[in-house]
Each structure stands twice: as structure tokens, then as C-alpha cells.
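For reference, the structure discussed in these notes is given below.
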Amino acid sequence: AVLRWLRWSHRWGPLVVGKDSSTLTTTCMANYERTRRTAQLQGAMLAPLQESPALHPDGPLQESGRFHGADLEDEHSLLAELWIRLRRGDLKGALKLCADSGQAWRTTLLQGMLPFAEASDEKVGYDAGSGELDTQEEMLTELKEDHTDWTELGSLEGSCDSNGNPWRRVWKEQCYDSAERNLQPGSAMDLWELAIYGFCAGHYDALMPSCGATWADRCWGELHCLKEWLVERLLEEGRGTWCPGSDCYSRLGEGDGDLADDEDSQDRSIRSAKLCGRLREGNNLESAIAVEVHQLLRRLLPPGGGVGEDGNLSLGWEVPTAVAGRFSELQAILIETAWAPQRGEDALSLLRRWLAVEGADKSGTAPYLVKEFACYLAITQKEMLEAHMPGPIDVDDIMIGYVQELVVRASGPAWQEQCLGGQAIELIAQHCLPLQPEQRWQAFSSLILLLGRSSGIGASAKAAAVAAGAGPSGPSNVQAEVLKRCLWVFWGFFPGEVFALLVVITKRALHLDDGLAEEASLPSIGLAGVRKAAEPEDMQVVILCLLLQWTVLRDKVQERSTVQEAMAGLREYFGEMQVDSDPGERGAPEDFMRAALDLAVLPLLTDTLLCLAVKDSESALALLPAMQASVLWQDAFNSGANCTVNLNEMEWFLILCDRFLVWRAAHSEAEAQISAAAAPRLVHYGHAVRPGPGMVTGEAAAKAERASLAARDAFLDWARGRLRKDRFLLEPQKETQTVLPDSHWEALRRAAACRVLLLLLDCFEGELDFQGALQDLAVAVAESPWMLKLLEPRHARDFLKRLALIPTQFPRIGPNEDVRHGLDD
């Protein structure tokens with residue numbers, strides 16, 4: 001696998017020296033045609049049956065002066081191309097190149113490396129598997145076939161077309177001897193041809209000079225020789241197993257037919273020294289190979305590997321040589337993990353250095369591709385280390401950067417194409433699988449909140465109705481659909497963590513886990529129990545997610561595929577549930593739904609709605625119709641859950657705010673109508689101009705005033721009934737959950753009570769009804785069992801002060817009587 005990787009990287013790597021990374025030059029003819037024709041012209045006239053001059057294939061080595069210079073150049077080009085194909089593992093391409101270039105004899109030479117096999121023998125190479133292959137397996141199989149060597153060739157087309165070479169070991173020894181002879185001074189053999197012989201024989205000294213200066217090339221050369229030595233050593237040791245009988249053909253690749261060669265042990269020892277290299281001695285092959293790999297990797301690694309002496313990344317990611325050095329260091333570690341799995345920890349440490357501040361680009365972060373690569377590699381190393389080492393391996397710090405990049409891209413301007421038209425949400429979920437639960441909760445909560453902002457779902461009444469299950473779904477309601485898909489995908493991947501995700505989203509929107517967040521201070525109220533940084537838009541998204549999650553839950557209960565996992569997660573996160581039936585019994589889904597309502601969904605809805613209503617009541621009021629029509633709301637009140645008590649009071653509070661807004665609009669309209677009726681206008685023209693009647697009739701103004709009084713009565717009647725009740729406003733219920741600290745809940749209750757009082761006071765101030773404020777409002781507040789007890793003393797003082805100042809707002813009584821009195825008369 002390592003060698004195949006190095007072959008593949010030479011084919012597609014960005015830093016292939018001297019050759020394009022994807023294409024080779026066109027095939028050139030190296031059949032010595034010019035030299036042959038020159039010999040014909042220079043020789044005597046041939047007899048009728050005389051053949052043309054023959055050219056020995058080794059002629060360029062023996063008599064290079066007789067060959068045309070262009071022919072020698074063509075052969076040099078052919079050898080260079082042939083070397084590249086062998087370097088990349090393209091054996092079939094190499095054989096075809098030789099045949100197409102007029103050197104069929106060289107094709108035969110290379111075919112000598114193919115191992116001998118009878119037609120009935122087991123096929124060599126990879127097992128391509130049976131049945132249909134998926135796309136990834138097909139790609140890997142083709143990659144193996146395209147970047148292979150003689151030990152693996154034949155995985156797709158069968159391995160017995162030519163039955164290989166029964167004299168392969170003899171052929172290999174001859175290749176070794178040819179390379180050894182031409183390493184001597186004075187040899188005329190081309191460097192590439194010498195490297196080809198070294199490749200065939202595993203001859204280290206012949207192969208390495210052509211491997212270039214890059215780390216990958218030299219590492220491939222070292223490992224190729226090591227692989228050749230190992231194969232020959234294993235074949236040598238395997239003869240006793242494969243050919244135990246004395247009458248058997250006891251030397252694979254030696255002898256002719258059933259007759260073994262007459263050779264003594266000294267000859268075999270010499271052959272073993274040639275073909276087995278540094279692995280010819282020793283009993284523990286595995287240890288010997290591990291030592292060899294470790295030494296060659298340390299020997300080949302460039303100084304620093306792109307890392308400065310201080311241990312920090314010294315050059316940016318825009319410098320190709322620095323990038324190559326860093327990857328060389330990583331490649332060396334990964335190769336060594338095949339023999340020492342614990343080295344995977346060093347690979348993870350290197351990735352962490354890449355992603356650190358020292359490895360950042362000009363933007364202050366590591367490039368996107370670096371994060372992506374580090375994430376995928378961390379996943380594989382985590383799996384490998386956990387298979388060989390005790391305990392879990394944490395790679396969250398490596399993966400989280402890339403997951404955050406995926407979240408940002410999925411929630412950007414193209415969110416609809418990414419999340420609904422593509423698989424962005426599923427991709428994020430897949431990358432969250434190796435993360436610790438807390439990290440994936442944070443990642444998905446970020447995705448949901450960012451999508452809520454990008455789609456503008458909080459401000460869309462249609463999307464809110466669809467989210468509540470009260471509106472028609474369709475292509476136009478993509479805002480609700482994208483959030484529902486997020487929740488559906490998360491449930492599919494992590495059914496035991498869906499309720500934990502809801503808690504995390506709620507806490508993030510309310511900034512409850514931010515220890516440095518300040519508490520919001522509202523005008524005339526003071527500290528309100530809600531964080532200053534909490535945005536109404538985020539709280540709207542949380543409410544809609546709760547409505548959507550309930551529809552998802554109902555659908556999953558109908559499927560009954562992941563109910564038990566979700567029930568276990570609910571029990572683990574919120575404590576034991578009061579479940580009367582076994583999970584396998586018929587009543588279990590209903591018990592689960594009731595527990596989900598009581599322990600998670602309704603408490604989170606109440607907490608978020610209370611914070612939103614106190615901080616921005618108009619935003620909460622915009623969602624009230626959708627909530628009232630939602631399946632969640634109906635199921636909650638039909639079940640009689642404990643949390644519906646405070647939810648009902650939140651509904652009362654929002655309706656009170658709505659009736660106040662209705663009164664304020666009606667009162668403003670009445671004031672405008674009355675002012676228009678009182679304002680005279682000029683009639684006629686020229687000398688006949690004179691003041692005429694008002695622009696609005698008295699009847700229209702009176703109608704507007706009656707509408708204002710009706711809205712005021714509806715507002716005050718709605719408030720009066722709750723003020724008389726003994727139960728304190730938003731009093732905490734026993735056996736109910738909340739994510740809000742007790743101090744926050746009390747501050748929110750106080751802020752809500754103060755807001756009720758201020759709305760009532762605004763109504764009387766707007767009407768300039770000082771007498772009604774004294775006889776109605778002040779008495780109702782004083783007699784309320786809970787109002788003054790919830791308020792702070794300063795709230796009561798401010799209330800009395802404003803009440804006393806109402807008479808100062810009366811209009812002055814002058815010669816002209818007040819318009820309103822005139823209308824009454």
C-alpha cells in the first residue's frame with residue numbers, strides 16, 4: 001500500500017521534477033531505422049537473397065559509434081519514458097510503450113518479471129471481490145491495477161494469460177549481474193537503462209541514482225528494493241513448505257522441467273546475497289524490516305521537514321518547498337505506522353502543529369484544504385490507534401476546525417443549494433461521528449442558529465406556520481424545511497442525543513454558558529434576567545426548532561425504529577422518567593412522548609419564550625399564532641402537562657401585550673381624528689376666503705374614540721382577571737425542568753410583572769385618566785396578591801411618581817374649550 005501510494009503520488013503529485021504530473025510525451029520510434037538505412041546505403045549492393053544488415057539490441061552499448069545520433073536520442077527518450085512508467089507502477093503501459101516504439105525485445109525483457117503460474121493455480125494479485133462493487137471500491141481496484149508491479153499484476157484481467165516466466169529467478173539474477181557490470185567505470189549504459197535493470201533486480205546501487213532528489217522518489221526507491229529483497233527471502237523460505245518432497249521441483253524459478261540445476265550451496269548463497277540484499281540473514285524478518293524502514297526514513301527525511309528549529313512552522317503554506325517538506329515528514333511517520341502503530345500519535349501531533357497559529361496563513365487560520373486533509377487523516381489515525389492501543393483517542397481539536405468550515409459554508413448565502421439541493425447537512429453529521437458528543441452538539445447548534453439567520457425564518461410568518469405544522473408545506477417554505485432537515489438528519493445519526501442538542505441550542509441562544517455575558521438592563525425595569533448578548537432572532541429560531549422537533553418526534557414514533565435510543569438518551573440527560581410500560585409494549589411510545597414533553601420540549605419552550613417576551617415582546621408576539629396552532633401546543637394542553645401552567649401564563653402575558661398594541665394604535669387613530677376634526681380649513685377663494693368646518697366630521701372622530709375605548713376596556717379586562725388570582729405570576733412548578741438559573745427565573749418574573757404594570761400605566765397616561773388611575777389601577781395593584789410582592793421597591797416608587805405626574809400632562813384651559821369636551825356636549 002505504501003509503494004502504491006508513492007507510485008500514485010508520482011502520477012498526480014504537483015512537484016514531479018522534469019515531467020508533467022498527468023501526461024507523458026508522445027511515443028517515439030526507437031527501432032534504429034536511420035542507422036539501418038545508413039548501413040544499407042554505405043554497404044555493397046546486396047545479393048538477391050542476402051538479408052539487410054542486422055542490428056544487435058545491445059549495439060548502442062557495444063558499438064555506439066555505428067548508430068545514428070538521432071536513433072540514440074530516440075532510445076534515450078524511450079528509456080526515460082519507460083522509467084517514468086515503471087516508477088508510477090504502470091507496467092502494462094510500459095510493455096505497450098516498448099512494443100509501440102519498435103523495441104519488442106525490451107517488452108519481452110520486462111515480461112520476464114512476471115511470476116510463473118500454471119493455468120489451474122490460484123491467481124496472483126488482488127482479490128477484486130464478487131458481486132457489484134460500489135464506486136469507491138471500483139476506484140481503489142482500478143488504482144491498484146494502474147499503480148502496480150510484478151508481485152501484484154493481474155487483478156482485473158486474470159493472471160495466467162502468459163503463465164509467466166518459469167526461469168524468473170535466473171532472469172532476475174541476470175538483470176542483477178547486468179546492472180552490476182554496468183556500474184563499473186567506463187560503462188556506456190544509459191542511466192535510465194541501468195535504473196530499469198536495477199528496478200527489475202532490486203539492485204540498490206543501480207536504482208537509486210535515477211530516483212531524483214525528492215523525498216518521495218528516494219523513499220520509493222528504498223522501499224522498492226526492500227520489497228524485492230523481502231519477496232525473494234519469503235520465496236526462499238517457502239520452498240520447504242510448497243515443495244516438501246525430494247522429487248518435487250525444489251527450486252522455484254530454477255531448473256528446466258522436472259530437472260533441478262546442479263549447483264552447490266555456495267552458488268545458492270551467492271544468489272541469495274544478490275537477490276535478498278540486506279534481508280538475506282536473520283530469523284526475525286518483521287523486526288528486521290521495521291528497523292530497515294525506520295533507518296531509511298530517518299536517513300531520507302529532509303532537515304527540519306519544513307519545521308524551524310524552534311519547533312514552529314517556519315514558512316507559510318504558500319511556499320511549495322515548505323509544504324513538500326511538511327508532507328514528507330508526515331509521510332515518513334505514516335509509513336512507519338505500518339510497523340509501529342504508536343507512531344500515529346506523532347502524526348496527530350504534527351497535524352496539531354499544522355493547525356496551530358504558527359501554521360496559519362495571512363488570514364490567521366490554516367488553509368481550508370489543510371483543515372480538510374487533517375480531518376480525514378485524523379479519522380483514520382484514530383481508528384488505527386484505537387485498534388492497537390487501550391482507551392479512546394481524542395482528535396476533536398484537529399477535526400473541529402474543518403467541521404466549523406463546513407458549517408459556515410452550509411449556512412452561507414448558498415444555504416438552500418447546499419442544504420436542500422445538496423448533502424451538506426449529511427456531510428456535517430458524518431464528520432461529527434468521531435467527535436465527542438459535546439463537540440458535535442456545538443457544531444450542529446451553530447449550524448442551526450446560522451441557518452436560522454441566513455434564511456430569515458424568525459421573521460417569516462409563513463415559515464413559522466409551516467414549522468408549527470399549521471401551514472401548507474411546499475417548495476416555497478424552504479426556510480422551515482431546512483431546519484427540519486437538520487433535526488431529522490441529527491436524529492438519524494445520533495438518536496440518543498437529540499434532546500441534549502435542544503438543550504445546547506437553547507443555552508447558546510440564551511448565552512447561559514457564557515460566564516462573561518452581562519445581564520440586560522431594560523428601561524424602567526432594570527436587570528431583566530436575560531443576557532444582553534441574547535439576540536431575539538436566535539430565540540425565535542430556538543422556538544421554531546422546538547416546534548419542528550416535535551413533528552420529527554411524532555414521525556419517528558410512527559416509525560418506531562429509534563424510539564428506544566431516544567428514550568435512553570432522554571433518561572440519561574434528564575434523569576429517570578416515570579414510565580409505566582416496557583419499551584417493547586404498546587404504551588411505551590406514548591409514555592416516551594409524554595416524558596419528552598414534560599422533561600425537555602415544554603420546559604425549553606417556556607424558558608426561551610419567557611426570555612424573548614421580556615426582552616422583545618413584539619418578536620415573541622409574532623410567533624404566538626403559529627405556536628397556538630402548532631401540533632406541539634395542542635398536544636401539550638391536551639395532555640395536561642405540568643409545564644402548561646406557566647406556558648398558559650406566557651400566553652396571557654403575550655395576549656396582554658397584543659391588546660395593549662391594539663389599544664395604542666386605536667388611541668393614536670382617535671387622537672389623529674379628533675385633531676383633524678378640530679383643525680379648521682380655509683374655504684372659497686380671493687376676497688371671499690374664510691375659515692370653514694374641520695377636515696374630519698365629528699361623527700368619524702367619535703367612532704374612532706369609541707374604538708379606542710373598546711380596545712382599552714378589552715385590555716384592562718384581560719389584565720384585571722389575572723391581577724386578582726392568588727397564584728403568583730410564573731411561579732415555578734414542582735417536578736418541572738428549566739435550563740435557567742433560579743436567579744434568572746426570578747429576575748424574569750419580576751421583569752414580566754413590571755412590564756405588566758408599565759403597560760397598564762401607559763394606558764392611563766395615554767388617556768390622561770388620572771381619576772381612573774387612582775380609583776382603578778392603583779386599587780387593583782394594591783389588592784393584587786402577587787404584584788407588589790414581585791416588584792422591587794424602586795418599581796413601586798417609580799409607579800407612584802408617574803401616577804402623580806399625570807395631571808401635569810392635562811392641556812391648558814383657555815378661551816377656547818377643549819375639543820373633546822365640545823364633542824361630548
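The values are calculated or read from the model by the stated rules, or taken from the named source; none is laboratory data. Only a predicted model underlies this, so the values are computations on that prediction, with no experimental measurement involved. Here Cβ is always computed from backbone atoms with ideal geometry, including for glycine, and neighbour counts include all displayed protein chains. SASA here: full protein model, heavy atoms, side chains in, ligands and nucleic acids out. Shrake-Rupley method; radii C 1.70, N 1.55, O 1.52, S 1.80 Å.
General remarks:
- A Förster radius of 35 Å, combined with the Cβ-Cβ distance separating residue 376 from residue 298, puts the computed FRET efficiency at roughly 0.85.
- A Förster radius of 45 Å, combined with the Cβ-Cβ distance separating residue 796 from residue 558, puts the computed FRET efficiency at roughly 0.25.
- The charge dipole of the stretch 505-575, taken about its Cα centre with unit charges on the Cβ atoms of Lys, Arg (+1), Asp and Glu (-1) only, comes to about 260 debye.
- In this rough spin-label picture, where each label sits 7 Å from Cα along the Cβ direction, the residue 389-residue 675 distance is 7.6 nm.
- Area of residue 635 that stays accessible when all protein chains are in place (1.4 Å probe, Å², to 10): 40
- Fully extending the segment from residue 278 to residue 319 would add 10.9 nm, taking 0.36 nm per residue of separation and subtracting the current Cα-Cα distance.
- Simple label model, 7 Å out from Cα along Cβ direction - residue 775 to residue 734, nm: 4.4
- Linear extension gain, residue 104 paired with residue 516, 0.36 nm per residue minus alpha-carbon span: 140.5 nm
- Surface composition of the stretch 389-447: carbon plus sulfur atoms contribute 54% of the solvent-accessible area (1.4 Å probe, protein chains only, all chains present).
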